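Where a number appears in this text, it was derived from the coordinates with a stated rule and is not lab data. If you're wondering where the values come from, they're calculated on a predicted model, not measured in any experiment. Every residue, glycine among them, receives a Cβ derived from its backbone with ideal geometry; neighbour counts consider all protein chains shown.
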Amino acid sequence: MDLLVKLYEISSLDENIFLKDKSVIIKRPIGPEKHIIVDWVLKNFSKGWSSEVDVSLSKTPPTCFVAIKDGSIIGFACYDSTSKGFFGPIGVLESERKTGVGKALVIKTLKQMYFDGYGYAIIGWAGPIDFFKKTVKALEIPDSDGSVYKNMLK
């Protein structure tokens with residue numbers, strides 16, 4: 001199921017208000033960090049997501065953000081990695097869930113999409129649908145099962 005987000009309704013939100021640990025930094029990586037982030041996503045999530053992160057980090061400027069705590073990656077979120085206007089993938093270490101990191105990454109990334117000129121974002125093949133509905137008032141797109149991913153090589 002794909003979801004639709006009205007970016008103009010979240011453009012003024014402050015992602016930092018969601019972070020319970022104020023030492024967490026959310027930043028856009030630079031080129032020399034690419035291999036570290038791609039390897040981290042591969043280790044903690046999946047080959048598919050690491051491929052999407054690789055694509056996002058190959059752009060200038062990158063279309064990806066990372067959350068860092070005590071010098072280590074704890075989460076990431078990307079956009080425009082599979083299709084233009086698509087948000088995702090997003091991942092947060094299980095030990096850091098429920099700390100606001102995921103919400104902060106979603107808001108930061110979607111706001112950047114708005115600043116890049118998008119009015120709407122599609123969250124493709126959304127996993128935690130209720131999370132996105134609650135966090136950014138995402139709406140379900142009817143008949144979008146499988147999304148652009150349905151004919152993907154495996």
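Taking Cα centre as origin and charging only the Cβ of basic (Lys, Arg, +1) and acidic (Asp, Glu, -1) residues, the dipole magnitude of the chain rounds to 200 debye. Going by Cα centres, segment 11-25 and segment 89-143 are how many Å apart? With segment 11-25 and segment 89-143 each reduced to a Cα centre, they are spaced 14 Å. Helices in the chain, meaning DSSP H runs of at least 4 residues, each add -39500 (n - 2.57). Divided by all residues, the mean residue ellipticity at 222 nm is -9000 deg cm²/dmol. For a modelled paramagnetic label at Lys84, 7 Å from Cα along Cα-to-Cβ, the residues of segment 101-140 in reach, with backbone nitrogen under 20 Å, are 110-125. Between amide H atoms placed 1.01 Å from N, distances below 5 Å from Gly85 occur with Asp80, all of them 5 or more places distant or on a separate chain.
In order along segment 75-85, phi translates into HN-Hα couplings of x, 8, 8, 10, 8, 6, 8, 10, 9, 4, x Hz, rounded to whole numbers, per the Karplus curve 6.51 cos²θ - 1.76 cosθ + 1.60 with θ = phi - 60° and x for Gly and Pro.
Listed by chain and number, the aspartates and glutamates whose alpha-carbon sits under 16 Å from that of Lys137, ignoring those within fewer than 8 places in the same chain, are Asp2, Glu9, Asp14, Glu15.
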